[in-house]
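Some notes on the structure that comes next.
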Amino acid sequence: MNAYNCISDDVILGKDVQLSRFINLYGCEIGDGTKIGASVEIQKNARVGKFCKISSHTFICEGVTIEDDVFVGHGVMFINDTYPRATTLHGGLQTEADWKVERTLIKKGASIGSGATILANITIGENAIVGAGSVVTKDVPPNSIVAGNPAIFRRLIPQNAAEPPVSEPIPFLDLITPHLELEHELTGVFRQALHTAGFVGGAVVEDFEKAFAAFCGVSDCVAVSSGTDALRFALIASGVKPGDVVVTVPNTFIATTEAISQAGALPEFVDIDEHTYNLSPAMLQQYLEKQCKQDAAGKLISLRSGRPVTAIVPVHLYGQMADMDAILSLADKFGLAVIEDACQAHGAEYFSKKLNRWMKAGSMGRAAAFSFYPGKNLGACGEAGAVTTNDPILASKAKMLRDHGQAKKYYHDVEGYNGRMDAIQAGLLSVKLPHLPAWNAQRRDHAVEYNRLLAENAAIVLPQQPSNSRAVYHLYVIRTADREGMMNHLKKAGIGSAIHYPIPLHLQKAYASMNYSKGDFPIAERVAPEILSLPMFPQLRPQQQARVVQEILHFIEP
Ligand SMILES: Cc1ncc(COP(=O)(O)O)c(C=O)c1O
């Protein structure tokens, strides 16, 4: 202490605090062993922990709490009011009574570089580092380095020697770990099948059907051999006939349109919403009102093909449900069936304003199709799928379709298909189903983390989740102008990524005979060359995720 300092009597100074000159402290608390540089001001009700280093010319205002072992560089500014004003509404100068002090928390061991500005209401996580000159506008995750104006995530600080070296390849999808975690229970299913010769049908399949129906919040589930079959059976069982038109989106996996064609119908496309990449209700309305007409019998006829339009297949792409209230009300108005393609959306939810509750994927349409392809959020160890519905008659039709058109052995009411789910897959899925909510929660956490680490980057469009949606992030898809460049950069760094999907269906060779052309669906076409799916699976570790982001940022700002 020395004569040039101004330290008021209400300051609580710990043991062995070292003070330089021209320091102004009042009403604050400073912990043992902390060192404070020249011309530092610390206001009342601010708290600085033990063994901190506060360098010269720093200003620590009311509302700031600095935990132990924190380094604060020179000239760091803290702010405690988001809307500072000089005067009141009546024109006089504001006094303390006019502003609300907002909190700032600097957690133990963090470091703040010289010249940084920390806005109000921020938490800087344990051991985080803020680069010199940064402007911190949002919370900083623990153990991470942020820099810039606004400060964005740069990389994680390695914490644990047991973590993999940063060069370890990161797969797009890890299908081995979840199976090894459940190895004992899964192999038990194989053993039971061998011991009972229960390979097709039976209680194991029925048990899974009951459990999955309960998970989706529907009365019926029909286990089938793939998502494609599920969609085909759902379409046929809901009354789609050969020659009908079924409306869907151009940015889906070809299985969606294959199933429509296999039901004997013709797919016609409607463009997508630019933010969710799902069927745009506005475009659907335009299609139904402008590109269709009603014939004398009141049937809706597509002007493009001259055929009757009977169903809509919204695809809950990447694990996010389409805007079902709007789609269902258009379907009602035009007398169409809605069959959800929920193949990527096990457990996704949508808040229906009409029903005033959250609804699960697969529970809103007349029927829905799920895929249990191994890479899905709920995946079999081979091919499998399911139809879900609240209509028991539709369910019994789907059951007949999957089993050669028979309800009773060798009594065939219609010609059907060999489309049953085998009992081993049903048993494996029953083992995995109880884990699905936790796996989906992990995917959501990873999405939140990607969003946070990649935020405020002009070169990247992040996935968007409307407030009426709880997505399950089957895929985490960003958009970027130089998609191929970024993908190659990630590949060279040993990081897997993928494109879902590179060419919209209306421009695929397989559909050349439909006579669609470039420009017919501008949003789907604009998005296709920019989308990139990043590694996303429940067991993705924070260090892996941070390295994916680090490489993306290196590519953007080499
Ligand atoms: C949107 C969509 N629809 C349908 C399917 C078809 O499912 P499956 O591969 O089980 O036949 C898939 C599977 O990848 C899909 O992603």
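Quick notes on this one:
- Net charge dipole, the chain: roughly 640 debye, given to the nearest 20, about the Cα centre with Cβ charges of +1 for Lys and Arg and -1 for Asp and Glu.
- Here the chain yields Rg over Rh of 1.10, to two decimals, using C-alpha coordinates and the Kirkwood radius.
- Positive-end ranking of 438, 328, 65 along the dipole of the chain, with charges on Cβ about the Cα centre, is headed by 328.
- Relative contact order (%) - the chain, alpha-carbon pairs under 8 angstrom, separation at least six: 12 percent
- Net charge of Cβ neighbours under 13 Å - reference residue 449; Lys, Arg +1; Asp, Glu -1: +3
- Our note on the geometry: Cα centres of the range 1-71 and the range 491-558, 51 Å apart.
- Lysines whose Cα lies under 20 Å from that of residue 44, excluding same-chain neighbours fewer than 8 positions away: 15, 35, 53, 100, 107
- Rounded to the nearest 20 debye, dipole of the range 176-293 from Cβ charges on Lys, Arg, Asp, Glu: 360 debye
- Per-pair calculated FRET efficiency, R0 = 45 Å: residue 491 and residue 103 via Cβ, rounded to 0.05: 0.55
- On Cα atoms only, tilt of 483-492 relative to the major axis of the chain in degrees: 70 degrees
- Remark: spin-label model distance residue 509-residue 296 equals 4.5 nm, labels positioned 7 Å along the Cα→Cβ axis.
- Within the chain, percent of DSSP bridges classed antiparallel, to nearest 5: 40 percent
- Applying the criteria of a DSSP loop state and at most 12 other Cβ atoms within 10 Å to the chymotrypsin sites (Phe, Trp or Tyr not before Pro) of the range 331-415 yields 410.
- Inter-probe distance in nm under a simple model that places probes 7 Å from Cα toward Cβ, at residue 185 and residue 357: 2.7 nm
- Size check on the range 241-313: the Cα extents along the three principal axes, sorted descending, read 38, 27, 15 Å.
- Angle between the chain longest axis and helix 281-290 axis [Cα atoms, degrees, rounded to 10]: 40 degrees
- Counted residue by residue at 0.36 nm each, then reduced by the alpha carbon distance between them, the extension gain from residue 539 to residue 68 reaches 166.3 nm.
- The range 292-367: trypsin sites (Lys or Arg not before Pro) in DSSP loop, at most 13 other beta carbons within 10 Å: 353, 354
- Neighbour-limited loop hits for trypsin sites (Lys or Arg not before Pro), the range 392-424 (at most 11 other Cβ within 10 Å; DSSP other than H, G, I, E, B): 409
- Förster radius 56 Å - calculated FRET efficiency between residue 433 and residue 3 (Cβ-Cβ, nearest 0.05): 0.15
- Distance from the range 240-310 to the range 103-143 (C-alpha centre basis), Å: 52 Å
- DSSP beta bridges fully contained in the range 229-359 are about 45 percent antiparallel.
- Inter-label distance, residue 289 to residue 96: 6.1 nm, where each label sits 7 Å from its Cα along the C-beta direction.
- Degrees separating the helix 392-402 axis from the principal Cα axis of the chain, which is the longest one: 70 degrees
- A dipole drawn for the range 213-328 from +1 and -1 charges on Cβ atoms has a positive end, and of 303, 214, 233 the residue lying farthest that way is 303.
- By the equivalent-ellipsoid construction on the alpha carbon gyration tensor, the range 1-44 comes out with semi-axes of 14, 13, 9 Å, ordered largest to smallest.
- Lys, Arg +1 and Asp, Glu -1 on Cβ, resulting dipole of the range 403-512 about Cα centre, debye, nearest 20: 140 debye
- Relative contact order of the range 438-537, defined on C-alpha pairs under 8 angstrom at six or more residues apart (%): 34 percent
- 13 Å cut-off, amide nitrogen to a point 7 angstrom out along residue 520 Cα→Cβ, residues in the range 263-286: 266-271
Values quoted throughout were computed directly from the atomic coordinates according to the rules given, and no laboratory measurement underlies them. Please read all numbers here as calculations on a predicted model, not as lab measurements. Note that each Cβ is placed from the backbone with ideal geometry, even for glycine, and that neighbours are counted across all protein chains shown.
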